[in-house]
Structures are given as C-alpha cells and as structure tokens.
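Trainee: Please read through the structure below; I'll follow up with questions.
What follows is calculated from the coordinates using simple rules that are stated; it is not laboratory data. Computed from a prediction, not measured in an experiment: that's the story for all the values here. Don't worry about glycine lacking a Cβ; one is built from the backbone with ideal geometry, like all the others, and counts go over all protein chains shown.
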Amino acid sequence: MREKLSGRFWAVMVIFSLTGQIAWVIENMYFNVFIYKMFRAEAGEISLMVALSAVTATLTTLFVGAFSDKAGKRKIFICMGYILWGVSILIFAMIRTDVISGLFPHAVSLASAGVSAVIIMDCVMTFFGSSANDACFNAWLTEAVDPGSRGRVEGVNSMMPLLAVLVVFGGFMSFDLDKASSWTLIYSLTGVLVLLIGVSGIFLMEDSKVDTSANKNYISNVLYGFRPETVRAHRELYLVLLAFTIFGISVQIFMPYLILYYTVTLQMKNYVLIMAPAIILASAATFFYGRIYDSAGFIRSVIPPVLMLACGYLMLAFFKSVPMVFLGSFFMMAGDLTGMAVFGAAIRDLTPENRTGMIQGIRITAQVLIPGIIGPFIGALVLKNADRIRNDDGTMSFVPNENIYYAALGAVLCLGLVLYWIARRKVKEK
C-alpha cells in the first residue's frame, strides 16, 4: 500500500536534498579542480583529501546518527547542521594565496599551505554536512516514507545529485576557474544558499517520530551496526551494503578526476554544454527507474544500472570524439544514479525498525568511507606515471588518462560476482 505524501513533504525533501547535493557536488567534483588550479595539487594530494573527507563523514554519521536516535529528534540536527554547513563553506572564500601569505608569511610553500588549508576545512565542512545530511536527513527520509513508496521517493531523491551537477555546471559556465576571484564568489553564494535553507527548515520541516525506548545506551547505539549479531540478524542488508561498497569504489576511482579529464585531457572548454544534455537525460531515466524497484525487487532492478555503468566506462576509455564522450557520459551517469536509487531503496527497506539512525553509520561506511579511501587510491595509483604539462607559471601538473575508466570497469566486474552470489543465495532460500 502506498501512503499519500503531502506537498509539504515533497517540498522539504526536494529543497533539502537538492541543496545538500549542490554542496556535495562542489566538494566532490570542484574542490579537486580548486586545489589543482589554485595550488597545483598532485593526484596523491587529491586522493588524500577525498580519503580524509570520507573518514570524517563516516565518523560523523556514525556518532551523530546514533545520538539523534537517542535524542529522538532529527529536525534540530538537520536545520542547525545546514546553517553551520553554510558558514563553513563561506570560510572557503578566504582560502586564497594573498590571505595565506598574510597569515603565514614564512611558509616555505604557499601552494602546500593552500592545499593543507583546503584539506583541513574540507574535513570541517564535511563534519557539518554529514551531521545534517548523511546522518539525520537520511534517517528522517527513511522514517517519513512507508515501504510501498520508497522506490518512488528514492527515484526522485536519487535525481538530486545529477540535478545538482546540472545546476553547478550551468552556474559555473560564467566563471573563469583559473581566477581566485571566481572561487571566492562561488563559495560565498553557495554558503549563503545552504545557510538560508537551514533557516527555512525551522519553519517548513515536521520532525519525525523516533521510538527511543530501545536507544538508551549511546555507545551501544554507535556500535550497533558493526556487531556480529546485527550482521547475522540482517544478512541481506549487509550483502546489499557489500555490493554498494564495490559500486562506490568503482565510481570513486574516476570521479575525483572527471572534470580534469574533460578539461585537461580532452581539452573540452565547452564541456558544460556537452554534459548538460547527458545530465538531463540521466536524471529523467533515474526518475522513472526508481519505480521499477517497487515492482521488480533488488536483483532484477540493479543489473541494468551496472551494465549501463560498464558501457559508459568503455565508451569514455576508447573514444575521444564529442558525440561518443556524450554517450559515454550519459551511460555512466545514468548507471551511477539509477544504481544509487536501487541501492538506496533496498537499504531503507532492509533497515531494522527503530534503528534508523544507528544504521546510518554502517551505510555511510559502505557508501563513503571505504569507496572514498580505496577508489581515489586506485585512481592515483593508475595515474602515477601519467603525462605532465607545464602551466603558465612554470609549474607542472599531471594529465588524467583513460586508465581510470579501465580500473573502474575492473571494480564493476567484481560487483557482478557479488550480485551473482546474492542472486544464488536468494534462489537457495526459496
């Protein structure tokens, strides 16, 4: 049975999800560009930034999610988290070489100091963002939707990352990302937007009802998702989380270098105009695909996204022409987002009742921590001997190559084996 969801619910879900994803897109796709262009970061430094951010996101979600379970509230954590998230983004507007040279006049390398400042503030920003979005907004969304509507809601929710990419790409078209002034304006506008959305939630959001009767011991709550007895009691959930982890590793191998691949390797100065149609089509596919999960179940609905992802990798690895890059980007993005919709809906369906906040920690471990450490590390490893170019200021920068897509494809093949194992197990249980 499907519950009728109110217009107020849809409004809150869309504005909080979309705004959060806009902030995450800037962090996940443009912080890499920021430290590459402003501070000449190497692949290893980008990998380190992504990994430390993943660790921060996981620990934050684990502890804050369990605490919100104990408190029996979500709204206060979501709204205050978004407000402080916006403030932390505003601070990035001050990370410029002129400011750094003034604060640290004796620094041996302004570039290294700049990279270090970005990595530290990325962790601070991630703490607030994960508290608000990963830990509490995701728990709120699970509690606000009945099982019969989760595929439909997750289809819309999973569109938000691609819509956020479209908003960010379109908004960035007018900026020269080689200029520090552009980044200052970008961070200022984004910070204010996130802050204001947090304030709006105070008036728009209805708090979810959390049963706190079983959530008395905080440390026990934090460790709940990692206990062997929890794994044994919810084997299907953990198998889905395992598959989700490998899916995430595959995406994180290439994602930190995606825009650099378009702009530096392929020299696509108009990459936004090429990517926008692919993003729109992938978003539409995700919107409709989320409904398939409700009727087809996990295994049948997850296979097509995995195949689309693999097809996208092969096209991007083999072809450099604009039409084929467009097709490859579409299949890659459609596979990524429809896969996220299926995994998200399955995890919400399999989440133990009254343990929603506690499960966010293990979910974020599978979705962010392990992929965020292993994926970029593999990406940096396959780019270790990549070609280098000389910048206008005489410094050298690496050039991402197609090896990131071959490595990502290898992870997809591993994912296929895990999904086959899950399917065989379900057949035996019947």
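Trainee: Find how much the distance from I303 to S101 grows on full extension, using 0.36 nm per residue of separation minus their present alpha carbon separation; answer in nm with one decimal.
Mentor: On the way: separation 202, 0.36 × 202 = 72.72 nm, distance 5.20 nm.
Stretched out fully, the I303 to S101 stretch lengthens by 67.5 nm.
Trainee: Another question about this same structure. Could you name the aspartates and glutamates whose alpha carbon sits less than 12 Å from that of K73, not counting residues in the same chain fewer than 8 places away?
Mentor: E143, E206, D207, D211
Trainee: According to a simple spin-label model (label point 7 Å from Cα along Cα-to-Cβ), what is the distance in nm between A11 and F288?
Mentor: Those two pseudo-labels are separated by 3.0 nm.
Trainee: Then there is this: What is the spin-label model distance, in nm, from I202 to A423 if the labels are put 7 Å beyond Cα along the C-beta direction?
Mentor: Result: 5.2 nm between the two label points.
Trainee: Compute the relative contact order of the stretch 244-372 as a whole-number percentage, counting only Cα pairs closer than 8 Å that sit 6 or more residues apart in sequence.
Mentor: Numbers: 109 pairs, mean separation 47.7, N = 129.
It comes to 37 percent, rounded to a whole number.
Trainee: Still on this structure, I have one more. How many angstrom lie between the C-alpha centres of the stretch 127-187 and the stretch 218-293?
Mentor: Here the answer is 13 Å between Cα centres.
Trainee: Right, something else. Can you give the calculated 222 nm mean residue ellipticity of the chain, where each DSSP H run of n ≥ 4 adds -39,500 (n - 2.57) and the sum is split over every residue, rounded to the nearest 500 deg cm²/dmol?
Mentor: -24000 deg cm²/dmol
Trainee: Too long at a 20 Å Cα-Cα cut-off: which of K37/K179; K320/K384; K37/K320?
Mentor: Values: K37/K179 9 Å; K320/K384 22 Å; K37/K320 23 Å.
Listed pairs above 20 Å: K320/K384; K37/K320.
Trainee: Give the calculated FRET efficiency between R390 and S109 to the nearest 0.05, with a Förster radius of 22 Å applied to their Cβ-Cβ distance.
Mentor: 0.75
Trainee: Hey, another quick one. Please report, ordered by residue number, every helix of the chain (full DSSP H runs) that is 20 Å or longer along its axis going by C-alpha atoms and whose mean Kyte-Doolittle hydropathy reaches -1.0.
Mentor: For the chain, where a helix must reach 20 Å along its axis and average at least -1.0, the hits are 7-25, 43-71, 75-92, 110-129, 180-204, 235-254, 271-296, 298-318, 322-350, 403-429.
Trainee: Under a Cβ-only charge scheme (Lys and Arg +1, Asp and Glu -1), can you give me the dipole magnitude of the chain about the Cα centre, in debye to the nearest 20?
Mentor: 980 debye
Trainee: Hey, of (1) 99, 51, 42; (2) 69, 46, 42; (3) 63, 45, 40, which did the structure itself give for Cα extents along the principal axes in Å when calculated?
Mentor: (3)
Trainee: Using Cα pairs closer than 8 Å and at least 6 residues apart in sequence, work out the relative contact order for the chain, in percent.
Mentor: Averaging sequence separation for qualifying contacts and normalising by length gives 28 percent for the chain.
Trainee: Then there is this: Fewest Cβ neighbours within 10 Å first, please rank C311, C414 accordingly.
Mentor: Lowest count first: C414, C311.
Trainee: Let me see the P(r) profile for the stretch 8-154: every Cα-Cα distance counted, bins of 5 Å, each bin given as a percent of all pairs.
Mentor: Going out from 0 Å in 5 Å bins, the stretch 8-154 shows 2, 9, 17, 19, 17, 13, 9, 7, 4, 2, 1, 0, 0 percent.
Trainee: About the Cα centre of the stretch 1-122, how large is the charge dipole given +1 on each Lys and Arg Cβ and -1 on each Asp and Glu Cβ? Please answer in debye to the nearest 20.
Mentor: For this selection, approximately 620 debye.
Trainee: Between V322 and L273, what is 0.36 nm times their sequence separation minus the Cα-Cα distance? Round to one decimal in nm.
Mentor: Separation in residues times 0.36 nm, less the Cα-Cα distance, equals 16.6 nm.
Trainee: Tell me which residues come under 5 Å, amide H to amide H, from D207 once H is placed; ignore anything under 5 positions away on its chain.
Mentor: Residues meeting the amide H criterion: none.
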